[in-house]
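Input: a single structure, listed below in structure tokens.
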Amino acid sequence: MCGIFAAFRHEDVTSFKSKALQLSKRIRHRGPDWSGNVVKNSTIMVHERLAIVGLDSGAQPITSPCGNYTLCVNGEIYNHIQLREQFPDYKFKTLSDCEPIIPLYLRDDIDAPKSLDGMFAWTLYDSKKDRILAARDPIGVTTLYMGRSSMSPKTVFFASELKCLVDDCDSIVAFPPGHIYDSETDKITRYFTPNWIDENKIPTTPVDYTAIRHSLEKAVRKRLMAEVPYGVLLSGGLDSSLIASIAARETEAANRELDASQYAEEGSHLAGIDDEGHLRTSGWSRLHSFAIGLPGAPDLIAAKKVAKFIGSIHHEHTFTLQEGIDALDDVIYHLETYDVTTIRASTPMFLLSRKIKAQGVKMVLSGEGSDEIFGGYLYFAQAPSAAEFHTESVKRVKNLHLADCLRANKSTMAWGLEARVPFLDREFLDLCMNIDPNDKLINQKEGRIEKYILRKAFDTKDDPSAKPYLPDEILWRQKEQFSDGVGYSWIDCLKDTAEKVISDEMFANPKSHWGKDIPTTKEAYWYRLKFDALFPQPTAAETVMRWIPKADWGCAEDPSGRYAQIHEKHIQ
């Protein structure tokens with residue numbers, strides 16, 4: 001991951017350059033390794049680099065050999081080696097996984113992102129045509145914003161984070177995932193068009209447990225493309241534990257296959273290439289796992305069991321309630337949201353990311369996306385029908401860029417740490433979003449708990465020769481949303497603090513500029529005040545979506561899993 005900022009057709013780009021560099025500096029936390037910029041015609045592109053692949057030669061912006069095309073990318077392209085092979089005559093200048101986007105553009109024009117397998121947000125400037133393209137990955141794992149100014153209507157701005165645009169733009173949107181912008185038409189169009197994207201089309205394909213297992217293993221494998229030490233975020237829940245288990249196996253296999261002499265002779269950028277062309281180097285002989293919680297939290301206990309079972313080198317970190325409260329302003333500044341669910345879950349993730357970066361790690365795998373794909377949130381048990389279960393699932397996946405993806409990206413990138421999310425692999429999504437929702441339904445009477453088919457896919461008890469992925473007590477553990485699992489007293493503390501800070505009189509008189517988006521709890525009111533203090537521009541709030549369960553299913557308004565009807569009662 002990195003940070004990008006671009007201003008297309010600025011009326012005085014020479015004078016603006018100094019300010020552009022200062023605006024880009026606001027996201028240097030995303031790319032602390034190096035900064036670069038290119039000015040062509042009336043366009044400037046700035047890049048803040050986090051070096052993970054092509055360490056020695058992947059600086060950006062990347063320019064084509066002819067100098068006509070300039071590229072800024074935030075993200076990782078997992079199939080870059082295969083893409084390079086499609087362009088034997090193109091004179092690549094770097095080992096960056098992003099550079100193949102330029103010849104793709106020359107061949108496919110606005111269809112270029114269709115060939116990319118990865119997470120990305122990029123801008124590409126064609127100086128011959130004075131044209132800019134901007135694209136975002138299919139699900140929106142990587143953040144991107146687009147802005148305009150009524151004072152300079154011909155200028156279009158792009159940035160990895162909202163904070164770069166609020167000074168100059170009175171119109172800002174979160175760039176939609178799976179779309180591409182073309183300045184020639186001044187339109188944003190969808191390039192990602194899988195058959196499941198229409199939430200009203202209900203699939204009928206029966207579940208294939210082996211296919212699920214193999215597809216997720218492949219998704220994890222390709223995300224171990226790195227030339228720096230990596231690890232896994234391990235909460236002890238099903239999703240992170242499965243990712244950790246697979247990653248531990250892959251790391252062990254990669255280190256067994258790695259030929260030390262080849263590593264020394266050919267350089268680290270070629271080390272551990274598998275049959276599919278993926279780079280697999282960890283910098284360590286064993287996988288490292290990382291967990292956080294309040295002392296004695298459910299997640300810490302479960303994570304320790306998983307780490308012992310899979311053989312990872314485990315790092316357990318704790319935080320206090322006061323440390324969490326003290327971090328809220330920083331969390332909201334980096335997250336650029338006032339959504340209750342996102343802030344609750346992001347705070348411990350934000351604190352953990354700082355600890356991980358201090359331990360020399362630049363990339364981690366994370367378990368986001370599974371709950372949306374498989375209907376894992378406990379409120380899905382209240383779905384009236386399989387069709388409505390599926391429709392809600394598709395809506396949640398399509399909105400991930402405003403919720404869990406935003407949290408995973410910005411909580412980690414606040415400290416220059418990249419999070420990769422195997423569950424949101426394009427092939428895995430195509431497989432699992434086309435499964436008959438009747439197979440995904442939660443039915444306690446039949447013993448089908450949430451995410452049953454995912455659990456079943458990795459349950460190897462029927463094969464005595466198979467090595468188990470996880471202990472049964474973890475594989476079949478009920479879901480705890482991250483903000484609950486780090487310790488129930490975390491949410492209780494947030495609510496209690498908000499009750500003290502926000503008086504009844506304040507709560508009864510919401511700010512006039514909030515319009516219809518009025519907070520319904522004192523906790524939400526408190527976060528909105530903090531957001532407004534950091535981002536007073538009215539357009540900033542238009543990029544925020546609030547995450548709440550479905551009220552028309554009879555769900556509790558509070559997003560905590562504890563308020564779902566089927567949640568088991570624990571004492572914490």
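Laboratory data are not the source of any read-out in this text; all were calculated from the coordinates shown. None of the values given here were measured: they were computed from a predicted structure. Positions of Cβ are generated from backbone atoms using ideal geometry, with glycine treated the same way; all protein chains shown enter the neighbour counts.
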Given the C-alpha centroids of the stretch 409-448 and the stretch 28-43, what is the distance between them in whole angstrom? 33
Indicate, rounded to the nearest 5 percent, the antiparallel portion of the DSSP beta bridges found entirely in the chain. 75
Could you please rank S18, S385, S152, placing first whichever residue has the fewest other Cβ atoms within 10 Å of its Cβ? S18, S385, S152
Given a Förster distance of 60 angstrom, what is the FRET efficiency for R107 paired with D330, based on the Cβ-Cβ distance and rounded to 0.05? 0.85
So if each residue of separation counts as 0.36 nm, and I subtract the Cα-Cα distance between I518 and I188, what length gain in nm does that give? 115.8 nm
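Could you sort 540-551, 233-244, 401-412, 94-105 so that the peptide with the highest average Cβ count within 10 Å comes first and the rest follow in order? Walk me through the numbers on the way to the answer.
On the way: 540-551: 17.3, 233-244: 28.3, 401-412: 25.8, 94-105: 22.5.
My ranking of the peptides, most packed first, is 233-244, 401-412, 94-105, 540-551.
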With the cut-off at 22 Å, tell me which of the pairs K398/K550; K398/K530; K114/K163; K19/K163 have Cα atoms farther apart than that. K398/K530; K114/K163
Roughly how many nanometres apart are two label points built 7 Å out from the Cα toward the Cβ at D56 and A551? 6.0
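With N set to the number of residues, divide the alpha-carbon radius of gyration of the stretch 3-193 by 2.2 N^0.38 Å and report two decimals.
Ratio of Rg to 2.2 N^0.38 Å for the stretch 3-193: 0.93.
Any idea what the dipole of the stretch 501-553 comes to, in debye rounded to 20, about its Cα centre with Lys/Arg Cβ at +1 and Asp/Glu Cβ at -1? Could the numbers behind the result be given before it?
Values: 7 positive and 7 negative charges, 20 e Å.
My answer is approximately 100 debye.
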How far is the Cα center of the stretch 177-256 from the Cα center of the stretch 517-539, in Å? 33
Taking K304 as the anchor, which lysines have their alpha carbon closer than 28 Å to its alpha carbon, excluding any fewer than eight residues away along the same chain? K218, K222, K355, K357, K362, K410, K451, K456, K461, K467, K479, K569
Working out 0.36 nm times the residue gap between A386 and D496, then minus their Cα-Cα distance, what length gain in nm do you get to one decimal? 35.8 nm
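Would you work out the Kirkwood radius for the chain? I mean one over the mean of 1/r across all pairs of different Cα atoms, in Å.
Working: mean 1/r = 0.0412 Å⁻¹.
Final number for the Kirkwood radius of the chain is 24.3 Å.
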Between A466 and V173, what FRET efficiency comes out of the Förster formula 1/(1 + (r/R0)^6) with R0 = 41 Å and r the beta carbon distance, rounded to 0.05? 0.30
Between S115 and E85, what is 0.36 nm times their sequence separation minus the Cα-Cα distance? Round to one decimal in nm. 9.5 nm
Note, the stretch 354-361: 3J(HN,Hα) by Karplus (6.51, -1.76, 1.60, θ = phi - 60°), whole Hz, Gly/Pro = x, goes 5, 5, 5, 4, 5, 8, x, 9
Estimated inter-spin distance, A358 and D430, nm [label 7 Å along Cα→Cβ]: 4.4
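Given a Förster distance of 22 angstrom, what is the FRET efficiency for H317 paired with W476, based on the Cβ-Cβ distance and rounded to 0.05? Write out the running numbers ahead of the final one.
Working: r = 27 Å, r/R0 = 1.21.
Working from the Cβ atoms, E equals 0.25.
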Quick one, can you get me the convex hull of the C-alpha atoms of the stretch 140-243 expressed as volume per residue in Å³? 201
From the phi of every residue in the stretch 96-112, what ³J(HN,Hα) in whole Hz does the Karplus formula 6.51 cos²θ - 1.76 cosθ + 1.60 yield, where θ is phi - 60° and glycine or proline is x? 5, 5, 8, 4, x, 4, 5, x, 4, 4, 5, 8, 10, 6, 6, 8, 3
